[in-house]
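Since the structure comes first, as structure tokens, the remarks are kept for the end.
The values are calculated or read from the model by the stated rules, or taken from the named source; none is laboratory data. Being a predicted model, the structure only gives us computed values, none of them experimental. Counting neighbours? That spans all protein chains shown, and the Cβs are built from the backbone with ideal geometry, glycine included.
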Amino acid sequence: MTRPLVKVCGMTRMEDVELCVELGVDLLGFIFHEKSPRNADPDFVASVKTGKVSKVGVFVDQTVDEILETMDRCGLHAAQLHGGQDTIFCWKIGPDRVIRAFWPDAYPSPHALAHDLEAYSEVCGHFLLDAGAKGQGGTGKSINLANLQHVEIHTPWFLAGGLGPGNLKAALAADPPGLDFNSGVESAPGIKDETKLREVFRILAELE
């Protein structure tokens with residue numbers, strides 16, 4: 001099994017950024033949402049230099065222009081959209097730069113989820129499948145993997161939802177191309193736990 005892409009989201013401290021880069025993370029996520037306890041300061045994000053590691057901004061209710069301005073100011077490689085933005089919105093950001101969030105547990109059927117995923121396939125570089133209801137994030141809840149068993153996903157995607165050392169092996173059974181870690185590798189909101197992160201990468205190293 002090939003190791004999935006690894007994204008660690010909710011970054012607020014430089015020491016956590018440095019640890020993630022050291023461990024071999026592929027993407028770092030910075031949340032731009034004032035209501036979030038992990039809300040990031042744009043000046044901090046702009047100061048983060050990660051080399052080959054991609055920087056992703058998480059947006060909920062900003063306009064297209066506000067997102068593009070923040071991406072330019074902070075040197076972001078991608079925008080992760082959590083506000084239910086439509087296909088035209090995604091296209092304006094740039095299909096190769098959009099990670100669009102979906103909440104499989106909120107759909108009445110796998111067919112309904114597959115229909116939405118197909119509709120967005122041409123305007124998103126990646127999908128992110130999260131636990132809970134639309135607009136939630138960082139809740140610590142795990143996604144119901146049974147909801148994905150009968151859905152063919154042709155766009156690269158990240159699995160999110162309370163992922164950490166304790167449930168990582170179960171999540172890998174779904175064979176996700178990418179994994180998104182946040183609350184499951186924290187000691188407090190926005191504060192990453194070094195022990196948990198190192199254990200995640202130890203487990204993933206077994207796949208290589």
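Restricting to the range 12-56, name every residue that is in a strand (DSSP E or B) and in contact with a helix residue (DSSP H, G or I) (Cβ under 9 Å, 6 or more places away or on another chain). Correct list: LEU28, PHE30, PHE32, LYS55.
Return yes when ALA146 is of a type in the set (Gly, Ala, Ser), out of contact with any Ser or Thr (no Cβ under 9 Å at 6 or more places or on another chain) and not in a helix (DSSP H, G or I) and no when it is not. Don't jump to the end; show me each part of the working.
Working: of a type in the set (Gly, Ala, Ser): yes; out of contact with any Ser or Thr (no Cβ under 9 Å at 6 or more places or on another chain): yes; not in a helix (DSSP H, G or I): no.
Judged against the criteria, ALA146 is not a match.
So which of PHE32, PHE59 is of a type in the set (Phe, Trp, Tyr) and in contact with a Pro (Cβ under 9 Å, 6 or more places away or on another chain)? Explain how you work it out, then say what you get.
Working: PHE59 fails: in contact with a Pro (Cβ under 9 Å, 6 or more places away or on another chain).
Of the residues listed, the single one that is of a type in the set (Phe, Trp, Tyr) and in contact with a Pro (Cβ under 9 Å, 6 or more places away or on another chain) is PHE32.
For residues in the range 84-113 being small (Gly, Ala, Ser) and buried (at least 16 other Cβ atoms within 10 Å of the Cβ), which is farthest from GLY57 (Cα to Cα)? Explain how you work it out, then say what you get.
Step one: filter the range 84-113 for residues small (Gly, Ala, Ser), giving 84, 94, 101, 106, 109, 112.
Subset that is buried (at least 16 other Cβ atoms within 10 Å of the Cβ): 101, 106.
On the way: ALA101: 13, ALA106: 24 Å.
So the residue we want is ALA106.
As a summary of the residue check, ASP130 satisfies the conditions (1) at pLDDT 90 or above; (2) out of contact with any Asp or Glu (no Cβ under 9 Å at 6 or more places or on another chain) except for the one numbered (2). Residue count for the range 184-199 satisfying the condition of being among the hydroxyl-bearing types (Ser, Thr, Tyr) and in contact (Cβ under 8 Å) with a residue 12 or more places away in the chain: 0. State whether one or more residues within the range 69-82 are within 24 Å of VAL45 (Cα to Cα), surrounded by 15 or more Cβ atoms within 10 Å (Cβ to Cβ) and modelled with pLDDT under 95. Yes; the residues of the range 69-82 include at least one that is within 24 Å of VAL45 (Cα to Cα), surrounded by 15 or more Cβ atoms within 10 Å (Cβ to Cβ) and modelled with pLDDT under 95. The set of residues in the range 121-132 being surrounded by fewer than 19 Cβ atoms within 10 Å (Cβ to Cβ) and either of a type in the set (Ser, Thr, Tyr) or under 19 Å from PHE32 (Cα atoms) (or both) consists of SER121 alone. Within the range 57-99, restricting attention to residues that are of a type in the set (A, V, I, L, M) and part of a loop (DSSP other than H, G, I, E, B), which residue is nearest to LEU159 (Cα to Cα)? So, considering only residues that are of a type in the set (A, V, I, L, M) and part of a loop (DSSP other than H, G, I, E, B), the one nearest to LEU159 (Cα to Cα) is VAL60.
For the range 172-188, name all the residues that are surrounded by fewer than 20 Cβ atoms within 10 Å (Cβ to Cβ) and either modelled with pLDDT under 95 or assigned to a strand (DSSP E or B) (or both).
Within the range 172-188, the first condition is being surrounded by fewer than 20 Cβ atoms within 10 Å (Cβ to Cβ), and the residues that meet it are 172-175, 177, 187-188.
Correct list: LEU172, ALA173, ALA174, ASP175, SER187, ALA188.
Could you count how many residues in the range 14-25 are touching a residue at least 40 places away in the same chain (Cβ under 8 Å) and within 13 Å of VAL185 (Cβ to Cβ)? First the steps, then the outcome.
Pass one, the range 14-25, residues touching a residue at least 40 places away in the same chain (Cβ under 8 Å): 16, 19-20, 23-24.
Checking the rest, the ones that are also within 13 Å of VAL185 (Cβ to Cβ) come to 16, 19-20, 23.
Of the residues in that region, 4 qualify.
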